[in-house]
Amino acid sequence: MIECWQGASPIARVDGRERLVFCSNDYLGLARDPRVAAAFAQAATELGSGSGASHLVTGHSRQHQALEEDLAAFLGRERALLYSTGYMANLGVIAALTGREDRVLQDRLNHASLIDAALLSRAELIRYPHADAAVVEARLADATRGRAVLATDGVFSMDGDLAPLTELAQIARRRDAWLMVDDAHGLGVVGARGRGSLEASGVDAGAVPILIGTLGKAFGTAGAFVAGSRDLIELLLQTSRTFIYTTALPAAVAAATRVALGIVAAADEERGRVRAHVELFRREAAQLGLALLPSTTPIQPIVIGSSQRALAMSEALWNRGLWVSAIRPPTVPEGTARLRVTLAANHTTAHVLQLIEALAAVARS
Ligand SMILES: *Cc1c(COP(=O)(O)O)cnc(C)c1O
């Protein structure tokens, strides 16, 4: 349990000792950025700690409205709609768009909230092998009555690789399916200008009519949103149950997120620093013979295999003052337990080298 953080650095005190953290999703270091925190505090003083109701009753404030407009503008979309969490956004979007007659195609490694969303919708859930566009094409070729939603993580949360968005977009267009991308780990940090996995893949907004983003990762606050066409957002506003039947985020969270979004939009240098950390980490880890995955993003897992060994390595790193969590089945497939390393803009080169040195020592033992 975290007692406190050392300023805006990725160093937390746990059990009375400082730990250098390499497993958070705070990729740009905004969760403790003083500018975001100040906006949060000031807005809480002016607007209160809670929104008091759902958006459609009295919970929707000017700050929520402005954040939705800012997010839509940042992503080049007509509109955006806030949800209280990414989990709820995925449930609410898929359940609103599909029903018994329909099909939802999903990558096997998609986030649990997308899988649960398909179950809630009662649509037929078709899980395809990771990143296998040929299987997607074949399954979509079967003619059926209903509509098809093709849903994928933009950046896979436990592997760090990007979805094959160029191919998926072509297939979705050819087969008349709606492509939905959950870019929780991409937006803000991936792509030179932070527009996420679409930017990194050179796929335009029109090819992905439904884009999900979360605010608790690179944006450093909490909540989530869907961005898309005016018609999509209007439909969700009227029918999406996890939007309608829940309390709006505190307006102070929206106000803080607007400041965070301004920082994200201007954070090319920070994104460059993260990319440099990724390159340094990969080069050095490969030298040590560690099993990396083909990831270009800040998520850089080291596949260990057995859960027991992954846990032992995580514990050995912990004892050296480093926090790198072990991820085990069923979160990842059997036999692929891993150390999920994440790199962030508030790490320094010295921090990355400290991690490498500790991994070298731990891997030897
Ligand atoms: C974290 C995450 C979510 C859930 O977002 P929360 O706001 O934390 O509920 C959804 N999808 C993906 C891919 C995620 O990584």
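Throughout, read-outs are computed from the coordinates displayed, never taken from laboratory work. These figures come from a predicted structure and were not determined experimentally. A quick note on method: Cβ atoms are made from the backbone with ideal geometry, for glycine too, and the neighbour counts reach across all protein chains shown.
What to note about this one:
- Each Cα pair under 8 Å and six or more residues apart adds its separation to the average, and for segment 233-358 the resulting relative contact order is 23 percent.
- Within segment 307-360, the GluC sites (Glu not before Pro) that combine a DSSP coil assignment with at most 13 other C-beta atoms in a 10 angstrom radius are 334.
- The ranking of 278, 104 by Cβ neighbour count inside 10 Å, starting from the fewest, reads 278, 104.
- Rounded to the nearest 500, the helix-only mean residue ellipticity at 222 nm of the chain stands at -13000 deg cm²/dmol, with each DSSP H run of n ≥ 4 adding -39,500 (n - 2.57).
- Taking 71, 120 and counting other C-beta atoms within 10 Å, the order from fewest to most: 120, 71
- Over 28 Å [Cα-Cα, segment 34-265], rounded percent: 27 percent
- Inter-site label distance for residue 230 and residue 166 at 7 Å from Cα along Cβ, in nm: 3.4 nm
- Relative contact order (%) - the chain, alpha-carbon pairs under 8 angstrom, separation at least six: 23 percent
- Multiplying the residue separation of residue 176 and residue 116 by 0.36 nm and subtracting their alpha-carbon distance yields 19.2 nm.
- Relative contact order (percent, whole number), segment 45-148, Cα cutoff 8 Å, 6+ residue spacing: 21 percent
- Along each principal axis, Cα extent of segment 225-273, largest first, Å: 41, 25, 15
- Simple spin-label estimate for residue 308 and residue 1 in nanometres, 7 Å along Cα-Cβ: 3.1 nm
- For segment 291-308, Karplus couplings with θ = phi - 60° (6.51, -1.76, 1.60), whole Hz, Gly/Pro x: 8, 8, 9, x, 10, 9, 9, x, 8, 10, x, 10, 7, 9, x, 7, 4, 4
- Modelled spin-label separation between residue 100 and residue 58, with each label point placed 7 Å from Cα along the Cα-to-Cβ direction: 4.1 nm.
- Between residue 142 and residue 13, the FRET efficiency estimated from the beta carbon spacing at R0 = 45 angstrom works out to 0.20.
- Globularity ratio of segment 237-365, using Cα Rg and 2.2 N^0.38 Å: 1.34
- Sequence of 304, 212 once ranked by neighbouring C-beta atoms within 10 Å, starting from the fewest: 304, 212
- DSSP finds beta bridges in the chain, and of those with both partners inside it, around 60 percent are antiparallel.
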